[in-house]
Amino acid sequence: MARDYQEANRQLSEILKEEERSGENLLLKIKQGLYNGWIDWNHRFQEWLEQLLGVEVDTRLGWLLPVLLAALLLLAAVWIFRKTTYSGKVQKDQQHDVPSVEDEAFRWWLMAEARAKRKEYREGIRYLFRSVLASLEKQQILVRGDYKTNHEYRREVEQNRSDLLPAFTELVHQFDRIWYGRVPAAEQEYEVFRSLSAPLAKKGGPR
């Protein structure tokens, strides 16, 4: 009986050892398969890079090379996206920041109204006058200039639209008196100047 028990233990030990050897062999096969797969992928990757770049590439960096390449591709994609987005935004902003003369006249008129609401009537009158000049330039009645005087504007109006000369002359007179003469302006002065400006600044005030 004891002899049979010992024989059974011996056979069991041999079976366990055989299974252990089989497990080790399977693990070695898996490791060898992974290694061979990596070598094959690395070789294909090297060929692809050489075809893409046209130069010989050393792929001995192993796993680090594809990581670096992926990072470079990601940075390039981000740079292209930011550049195209920023360029489109700048172009769009420039289109809004450079209004036509017609829009400029309307803008000056709105700024004048805003000043009047804050009871800054002298500034409001100044903006109304700028709206008129922008509108007249749009109509090709005068050409604005940084160093041109109101007298020069009056002469251009006389040459190009003499029918507007009386209204423009009165407007210039009121503006010079209030702005350059530093005469205080109240709501009444603003409303009078606004009424004189409206027919001239067609895009700003009522027709």
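Data overview
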quantity: Taking LYS138, LYS31 and counting other C-beta atoms within 10 Å, the order from fewest to most; calculated: LYS31, LYS138
quantity: Cα gyration tensor category, rounded, prolate or oblate, for segment 147-204 with a/c compared to 1.5; calculated: oblate
quantity: Förster-model FRET efficiency, 41 Å R0, HIS173 and ASP103, C-beta, rounded to 0.05; calculated: 0.90
quantity: Fewest-first ranking of THR149, THR169, using other Cβ atoms within 10 Å as the exposure measure; calculated: THR149, THR169
quantity: Cβ-Cβ FRET estimate between LEU34 and LEU73, R0 fixed at 41 Å, reported to 0.05; calculated: 0.95
quantity: Inter-probe distance in nm under a simple model that places probes 7 Å from Cα toward Cβ, at THR149 and TYR180; calculated: 0.7
quantity: Residue order, fewest to most surrounding Cβ atoms within 10 angstrom, among ASP163, ASP146, ASP176; calculated: ASP146, ASP163, ASP176
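No lab work stands behind these numbers, since they all come straight from the coordinates. The model shown is predicted, which means the values in this text are computed figures rather than measured ones. Counting neighbours? That spans all protein chains shown, and the Cβs are built from the backbone with ideal geometry, glycine included.
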